[in-house]
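Coordinate-derived values only; no laboratory data. These numbers come from a predicted model, not from an experiment. Here the Cβ is made from the backbone with ideal geometry for all residues, glycine too, and neighbour counts use every protein chain on show.
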Ligand code: MN
Ligand code: MN
C-alpha cells in the first residue's frame with residue numbers, strides 16, 4: 001500500500017470534525033459518525049461552497065425496500081429526491097427463477113444489469129415480440145406503454161431501472177394479475193371464449209415479484225410471432241462497447257445513435273481512476289441523473305449567482321445535476337470510481353470548460369481570468385471532450 005493510499009484510508013477512518021482552517025468547531029455529539037465519514041464535504045464544506053442549493057443526493061440504502069417472495073425493489077423518485085423531476089430510479093433484486101411480473105407503464109424504462117443474468121420479454125403495438133437474455137453490463141429499453149417482464153436466471157440478478165419521469169412509481173405499474181383480478185369473470189369468459197369456471201384458479205390479487213422456476217435455454221422460450229420480432233432491439237451490450245479512453249479514465253456512451261430504440265434516455269458509463277477526475281463541464285440538453293456503482297467520489301455543483309454546493313457519493317447513491325449547472329466529479333477513494341450518467345434525451349451531450357477555453361481567443365480568456373502562462377500552455381494541449 002502506498003503512503004498516499006494509507007493517508008487517504010487514515011483520513012477516511014478518522015472521526016471528521018466540522019473545522020476548516022479558522023472557521024467551525026468540533027462536534028461533541030450527538031452525531032452519526034459513519035454518516036459523517038461518508039459525507040465529509042457536507043460536514044465540512046470547502047470554503048468555495050456558498051448559498052442555498054437543494055439536496056442533490058439520495059441513497060438507495062435509505063429508500064423503503066419492498067420485499068416479496070421472489071426478491072425486492074426500492075425506488076428513488078421525486079418523492080425521495082424532489083429536484084429529480086426528469087428521471088426516477090429503481091434498484092431491484094430477482095432470486096433465481098423469480099419473475100417481475102408481466103406489466104406495462106406510462107413511462108419508458110431503461111435498465112442496466114449490475115449482477116447476474118435475466119431473461120426479458122416484450123410485445124409491441126404491431127404484434128412483434130422480443131425475448132432475450134441479459135448479463136452484467138447489458139442494458140434494455142422498453143418504450144412507454146410496451147408490456148414486458150423480467151425473470152432471474154440461474155444465479156438471480158440485480159439491476160438498476162430508470163424511468164423518463166421523476167414522478168414514476170414502481171408501485172403503480174399496470175400488472176397483468178391485478179387487471180384480471182379486477183375484471184368480472186363473466187367478462188374474462190367472453191373475452192377468451194371459454195367458461196367462467198376456467199378462471200377459478202386466477203390469483204386474487206397482484207403478484208408483482210414472485211418465485212418461479214429457472215427457465216430453460218433462450219431457444220425454449222422463443223415464441224413465433226406472425227408479424228416477426230421487434231424491428232429495433234430492446235437490449236444492448238453497453239459494457240462491451242469499446243470505451244473512449246481519456247486522461248484518468250474511460251467513458252462509454254449509449255444513446256439513440258448506437259441504440260436506436262432508446263429515444264428518451266441517453267447514458268454514459270464513466271470510470272475514473274484513483275486521484276483522477278471527470279473534468280469541469282456541463283450539459284446543454286437536460287438534467288443529469290447519476291447512479292454510483294463502485295468507489296467514492298465527490299461533486300461540486302455550480303448554480304450561478306455565486307452558489308455552489310459539494311456532495312460525496314459512494315456505491316448505491318443517486319446524484320443529480322439540474323439543467324446546465326457546471327460540475328466535476330473527483331475520485332476521492334483508492335479504487336476505480338464507476339458511475340452512470342443518465343439524461344432524459346435522445347442524445348448525450350456535454351460542454352467541457354477546458355475545450356471551451358482552448359478554442360476561444362487566448363487574449364479574450366486572459367482579459368477575463370488573468371491566468372498564468374502555464375495554464376494557457378496546458379489549455380493548448382487540451383482538446384479532448386468528456387473525461
Ligand atoms: Mn417495467
Ligand atoms: Mn456531467
Item to check | Virtual spin-label span in nm between residue 20 and residue 305, 7 Å along Cα→Cβ | outcome: 2.0 nm
Next on the checklist: Please give the Cα centre distance for the stretch 312-387 versus the stretch 156-211, rounded to the nearest Å.
Outcome noted: 46 Å
Checklist outcome for this item: FRET efficiency (residue 211, residue 133; Cβ distance; R0 22 Å; to 0.05) is 0.65
Checklist entry - Rounded to the nearest 5, what is the percent of antiparallel bridges among the DSSP beta bridges in the stretch 229-387? => result 100 percent
Checklist entry - What FRET efficiency comes out for the pair residue 199/residue 65, r = Cβ-Cβ distance, R0 = 45 Å, nearest 0.05? => result 0.85
Checklist outcome for this item: Per the rule of 0.36 nm per residue minus the C-alpha distance, extending residue 219 to residue 372 adds in nm 48.6 nm
Checklist entry - What is the calculated FRET efficiency for residue 324 to residue 35, with r their C-beta to C-beta distance and R₀ = 41 Å, to the nearest 0.05? => result 0.85
Checklist entry - Could you give the distance between the Cα centres of the stretch 45-60 and the stretch 257-302, to the whole Å? => result 18 Å
Checklist entry - So, by mean Cβ neighbours within 10 angstrom, what's the order for 193-202, 148-157 with the highest one leading? => result 148-157, 193-202
Item to check | Semi-axes of the equivalent ellipsoid for the stretch 259-362, Cα gyration tensor, largest first, Å | outcome: 20, 19, 14
Checklist entry - Put a dot 7 Å past each Cα toward the Cβ at residue 227 and residue 48; how far apart are the dots in nm? => result 5.4 nm
Checklist entry - When only alpha-carbon atoms count, how far does the stretch 179-255 stretch along each of its three principal axes, as whole angstroms with the largest first? => result 66, 30, 26
